[in-house]
Amino acid sequence: MKMQDIADLAGVSIATVSRVINQPEKVKIETRLKVQKILEQTNFVANAVARGLVVNSMKTIGVLTVDIRDLYFSNIIYTIERQFTDLGYNVILSNTGGELGEKKKYLLVMLEKQVDGLILVGSVFKERSGNKHILEASKNVPVILVNSFLEGDNIYSVLCDDAYGVKEAVNYLVNQGRKDIYYFTDTKSASGLAKLEGFVLGMKENGLNETNIIEVSRDLEGGIKGSEQLVADNRKVSAVICGEDLIAIGAMKAFTGLGRKIPDDVGFIGYNNSILAQTATPTLTSVDNMAAAMARQAGELLVDTLQHKQVSKKIVLTPSLLVRESTNLSSK
């Protein structure tokens with residue numbers, strides 16, 4: 001028995017049925033008694049959706065990510081989940097995978113569950129082919145993009161200046177006297193392209209070869225194969241910057257296996273400042289892209305939006321470089 005069935009039997013609207021359940025004092029006595037009698041006869045039990053029709057809030061947030069196994073995504077999601085749980089919200093998580101059709105499907109699923117707002121984790125949710133599905137979703141609920149930006153009503157963004165982060169990594173290596181610097185790029189997402197832009201700009205400004213770019217897969221094997229390619233091509237290499245910590249660890253593994261000393265012969269810089277960077281041997285210098293701070297800002301943005309407060313449409317955080325053994329020549 002659905003609420004619509006109750007409404008049909010009583011000859012009233014669904015909203016009236018919901019008010020009888022949640023705020024009976026606001027319904028005329030004769031209507032209330034009629035609806036209550038049918039509720040008793042049908043043994044109807046009100047659910048969260050019914051309550052939501054009156055209070056205009058399901059106290060539920062929808063969070064979407066493409067791969068919960070990814071440390072970067074999982075850390076952001078954990079922070080968001082804890083934040084909203086403490087505020088009394090339920091959090092529904094969808095692991096969409098990278099296919100556009102799946103992303104669209106899960107967006108619709110979230111809307112059908114009548115969430116109060118959506119948080120899309122990762123720049124991979126911004127499609128180069130168009131973002132009508134996100135724009136449509138924002139007509140129903142506020143949408144927060146983490147590490148991406150999309151212009152639109154009821155759409156808000158919190159992102160890291162990834163181009164700046166990689167550019168500063170280049171400058172740091174140049175200041176060490178390293179010139180044969182390579183970049184391992186792994187994705188053409190908005191974030192991935194921004195990192196690539198930062199590398200090209202940093203190399204150009206330092207008068208170095210900005211074409212020193214190798215495309216690799218976003219995993220340990222990607223770092224290994226990218227390094228093997230450099231060696232096979234007899235490239236002179238003094239440092240490698242990678243778009244992810246895991247790729248950089250794979251690259252270090254490969255060069256160590258070839259007898260290269262780290263950081264004396266080759267320096268390595270990763271990205272995300274994950275736990276992997278801290279536990280690697282040697283420990284990995286990494287760009288901290290402020291994942292936890294982005295998550296907190298995204299949560300605050302959504303809460304303020306739901307409370308109809310004035311908020312910024314776009315918040316940009318500045319990353320920082322955390323120097324560890326993989327580049328720290330002074331530690332030798």
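The values are calculated or read from the model by the stated rules, or taken from the named source; none is laboratory data. From a predicted model like this one, the values you see are computed outputs, not experimental measurements. Counting neighbours? That spans all protein chains shown, and the Cβs are built from the backbone with ideal geometry, glycine included.
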*asked:* Considering only the stretch 191-202, I want to know if a residue exists there that is touching a Ser or Thr at 6+ places or on another chain (Cβ under 6 Å) and not β-branched (Val, Ile, Thr).
replied: yes
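The rows are residues; the columns are (1) small (Gly, Ala, Ser); (2) in contact with a Pro (Cβ under 6 Å, 6 or more places away or on another chain); (3) buried (at least 22 other Cβ atoms within 10 Å of the Cβ).
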| site | (1), (2), (3) |
| --- | --- |
| Thr79 | no, no, no |
| Arg82 | no, no, no |
| Ile92 | no, no, no |
| Leu111 | no, no, no |
| Glu136 | no, no, no |
| Asn175 | no, no, no |
| Tyr183 | no, no, yes |
| Gly192 | yes, no, no |
*asked:* Take the conditions acidic (Asp, Glu) and buried (at least 24 other Cβ atoms within 10 Å of the Cβ) and apply them to Asp245. Does it pass?
replied: yes
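Here is a yes/no grid of residues against (1) within 19 Å of Ala194 (Cβ to Cβ); (2) in contact with a helix residue (DSSP H, G or I) (Cβ under 8 Å, 6 or more places away or on another chain); (3) in the same structural domain as Gly226 (by TED's automatic domain parsing):
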| site | (1), (2), (3) |
| --- | --- |
| Cys242 | yes, yes, yes |
| Asp245 | yes, yes, yes |
| Ala248 | yes, yes, yes |
| Phe255 | no, yes, yes |
| Leu258 | no, yes, yes |
| Val266 | no, yes, yes |
| Gly270 | yes, yes, yes |
| Ile275 | no, yes, yes |
| Thr279 | no, no, yes |
*Lys236 being basic (Lys, Arg) and either surrounded by 23 or more Cβ atoms within 10 Å (Cβ to Cβ) or touching a residue at least 40 places away in the same chain (Cβ under 8 Å) (or both)*: yes
*Check Ala292 against each of (1) modelled with pLDDT of 95 or more; (2) in contact with a helix residue (DSSP H, G or I) (Cβ under 6 Å, 6 or more places away or on another chain) and name the one condition it does not meet.*
(1)
*If a residue has to be more than 23 Å from Phe149 (Cα to Cα) and among the hydroxyl-bearing types (Ser, Thr, Tyr) to count, how many in the stretch 179-204 make the cut?*
2
*Out of all the residues in the stretch 16-30, which are surrounded by 13 or more Cβ atoms within 10 Å (Cβ to Cβ) and aliphatic (A, V, I, L, M)?*
Val17, Val20, Ile21, Val27
*Considering only the stretch 318-332, how many residues are closer than 22 Å to Phe149 by Cα and surrounded by fewer than 17 Cβ atoms within 10 Å (Cβ to Cβ)?*
2
*If you go through the stretch 152-183, how many residues are acidic (Asp, Glu) and without any contact (Cβ under 8 Å) to a residue 24 or more places away in the chain?*
1
*Top-ranked residue of the stretch 113-134 - restricted to ones that are at pLDDT below 90 and surrounded by fewer than 14 Cβ atoms within 10 Å (Cβ to Cβ), ranked as nearest to Ala194 (Cα to Cα)*: Arg128
*Inside the stretch 67-98, can you point out the residues that are closer than 20 Å to Ser217 by Cα and either without any contact (Cβ under 8 Å) to a residue 40 or more places away in the chain or not in a helix (DSSP H, G or I) (or both)?*
Asp67, Ile68, Arg69, Asp70, Ser74, Thr96, Gly97, Gly98
